[in-house]
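Here the structure comes first, spelled out in structure tokens, and everything after it is commentary.
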Amino acid sequence: MEFTPETTKSLKNYVYIYRDPITGFVFYVGRGKGNRCFAHLKDTRESRKVAVIKRLRDSGTLPIIDILASGLSESQAKLVEASVIDLVGLNVLTNDVRGDHGSTDGRVSARSIFEAQEARKVQVRDKTILIRINREYRDEMSERELYDATRGSWQVSSRCEKVDYAMAVYRGIVKEVYKIHSWHKVRGSRRKTFVGEKAPAAIRDKYVGNAVRHYFGKGSQNPITYVNI
């Protein structure tokens, strides 16, 4: 299956979805040009998306591919794709990342915006690594999900070994503080993850719910910042 050159020209950049033909559930959201929407049917890499497509093919069917929006610029397609991923949710989709919102913040609850405007600016006095989890955070995350998102898989320097605490930061607000026990290399990668536990109440009371956005440089895309190291 392919679009003709005339069709791809009229479609320009577009956003598409993959649906299970039996349940109707959307399991993948993507964007592209030309015949990009069909490329996943030939993908053989190991991924959740490919596993779903294989399961459907083994049952004698294929996913339904819908063009959700077309005639877009690249930046418009990125925004639509990211917004749809946010709406459906990574916990439902087989996408690996939330997508690119460009200069926008993406989906955020009114409560989080309210908390951000009410948050008190705090000075961090402890040896700390601040970790922004803007892409992973959800208001309804469990304690385990928040911990896993924070410990993550990060490109960190040797300074991480001098850190006592890690703070989970969302939109500049501290969501949780962890006492770090040790750092470990992620298998097959130069990245690292830490093992720890919730910090003592005396530490958490100082920081959780307060603002630390002033420690991140204006326009900085680095999710990691060290304080007092």
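A few comments on the model shown:
- Inter-probe distance in nm under a simple model that places probes 7 Å from Cα toward Cβ, at VAL186 and ASP66: 3.3
- Computed from backbone phi with θ = phi - 60° and the Karplus coefficients 6.51, -1.76 and 1.60, the 3J(HN,Hα) list for the stretch 148-160 is 5, 5, 6, 5, x, 8, 10, 8, 10, 8, 5, 4, 4 Hz; x is used for glycine and proline.
- Förster radius 22 Å - calculated FRET efficiency between ASN222 and ASP126, Cβ distance, rounded to 0.05: 0.60
- Working value for the stretch 74-195: equivalent-ellipsoid semi-axes of 27, 20, 13 Å, each the square root of 5 times a Cα gyration tensor eigenvalue, largest first.
- Measuring r between the beta carbons of ASP139 and GLU6 and using R0 = 45 Å, the FRET efficiency lands at 0.50.
- For the chain, a simple Cβ point-charge model (Lys and Arg +1, Asp and Glu -1, everything else neutral) yields a dipole of about 780 debye relative to the Cα centre.
- Simple label model, 7 Å out from Cα along Cβ direction - ASP100 to ARG36, nm: 0.9
- Calculated log10 I(q)/I(0) by the Debye sum over Cα atoms at q = 0.10, 0.14 Å⁻¹ (choose from (1) -0.59, -0.97; (2) -0.82, -1.35; (3) -0.41, -0.83), label: (1)
- Only Lys, Arg (+1) and Asp, Glu (-1) charged, at Cβ; the stretch 144-183 dipole about Cα centre in debye: 80
- Members of LYS78/LYS121; LYS121/LYS175; LYS175/LYS206 lying beyond 22 Å, as alpha-carbon distances in this model show: LYS78/LYS121
Only the coordinates and a few stated rules stand behind these numbers; no lab work does. Please read all numbers here as calculations on a predicted model, not as lab measurements. Virtual Cβ from ideal backbone geometry, glycine too; neighbours counted across all protein chains shown.
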